[in-house]
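Enquirer: The structure that follows is given in the form of structure tokens.
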Amino acid sequence: MFEGKAYVTANVFMAPSTFLLKIKAPAVSQEAEPGQFVLLRVSLSYDPLLRRPFSICRTVGEEVEILYKVVGRGTLLLSEAGPGEELEVMGPLGRGFTSPRGTPLLVAGGMGVAPLVFWAGKLRNMGYEPEVLLGAATSGGLFGRKLLADVGVRVEVATEDGSEGFAGTVTELLGRVLEPSHHVYACGPRGMLREVVALTEEMEVPCQISVEEVMACGVGACMGCAVRAREGGYLLVCKDGPVFDGRELVL
Ligand code: FES
């Protein structure tokens, strides 16, 4: 696990308020596995104080790529970082996805697509032909399609307002296409994950979910990212996850 400085090489505008940050961090890119994350301190001025967790979207040579949306002051500062700017990075952190026991079916809601881009690429390298279901409220929220196209995977889209693809939620689309031979990998809002887990449990299909949570330390020390476990007690998203078996958590 690397902790130190990294340099911005590009901060590419992808869609309104959505950017692909590229940082030169060879020690991170060498080790990173799909599903893992990094903590970035977005400003060396120590304001905001906390580091923010970001899923690793892709690694290309010595670079780590992060897909993010501007949602607050920290990500606004990040969006203003230009080439050469110094960031503090810590990672790769957490547990990533594990090999499928069936045909991989990836389910992404909104920005949840980020870690699944990395996983789709690795699955292709492993000889699998993953399919991706990508959902959002409107077609403007269907992020990451270009990145998935680069990987060469089949993508089916769902929009709640029917502006593109299947008219409905991505979990409704999942309900139509899910087969017992699938192994589902999902990332997105908590409500979406809850529905994905319910569907896969009903059909006894294996399912892994990547969970987002606010994090401070990233290494299991602060307990700030605790989520309730089905078997009682708590699990830490930063250390036990962010990828969990769908049956492990109370969502
Ligand atoms: Fe501190 Fe997970 S972020 S324990």
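Enquirer: Being more than 26 Å from L236 (Cα to Cα) and not in a helix (DSSP H, G or I) is true for just one of G84, G4. Which residue is that?
Expert: G84
Enquirer: If P189 satisfies all but one of (1) open to solvent by 20 Å² or more (accessible area, probe 1.4 Å); (2) out of contact with any Ser or Thr (no Cβ under 6 Å at 6 or more places or on another chain); (3) over 17 Å from L116 (Cβ atoms), what's the number of the condition it fails?
Expert: Every condition holds for P189 apart from (3).
Enquirer: Could you list, in sequence order, all residues of segment 7-36 that are among the hydrophobic types (A, V, I, L, M, F, W, C), open to solvent by less than 80 Å² (accessible area, probe 1.4 Å) and part of a strand (DSSP E or B)?
Expert: Matches in segment 7-36: V8, A10, V12, M14, A15, F19, L20, L21, I23.
Enquirer: Quick one: what pairs do we get from segment 51-69, first residue part of a loop (DSSP other than H, G, I, E, B) and open to solvent by less than 30 Å² (accessible area, probe 1.4 Å), second within 15 Å of the ligand (Cβ to nearest atom) and at pLDDT 95 or above, C-beta under 6 Å, 6+ apart or different chains?
Expert: From residues that are part of a loop (DSSP other than H, G, I, E, B) and open to solvent by less than 30 Å² (accessible area, probe 1.4 Å), the pairs are I56/Q36.
Enquirer: Of K146, K122, which residue is open to solvent by 10 Å² or more (accessible area, probe 1.4 Å) and modelled with pLDDT under 95?
Expert: Testing whether each residue is open to solvent by 10 Å² or more (accessible area, probe 1.4 Å) and modelled with pLDDT under 95 leaves just K146.
Enquirer: Another question about this same structure. Please work out if L78 is outside any strand (DSSP E or B), open to solvent by 50 Å² or more (accessible area, probe 1.4 Å) and at pLDDT below 95.
Expert: So L78 does not fit the description; no.
The values are calculated or read from the model by the stated rules, or taken from the named source; none is laboratory data. Predicted model only: the values in this text are computed from it and were never measured. Positions of Cβ are backbone-derived with ideal geometry, glycine not excepted, and every protein chain shown enters the neighbour counts. Accessible surface is based on the protein model in full, side chains and every heavy atom, while ligands, DNA and RNA are left aside. Shrake-Rupley method; radii C 1.70, N 1.55, O 1.52, S 1.80 Å.
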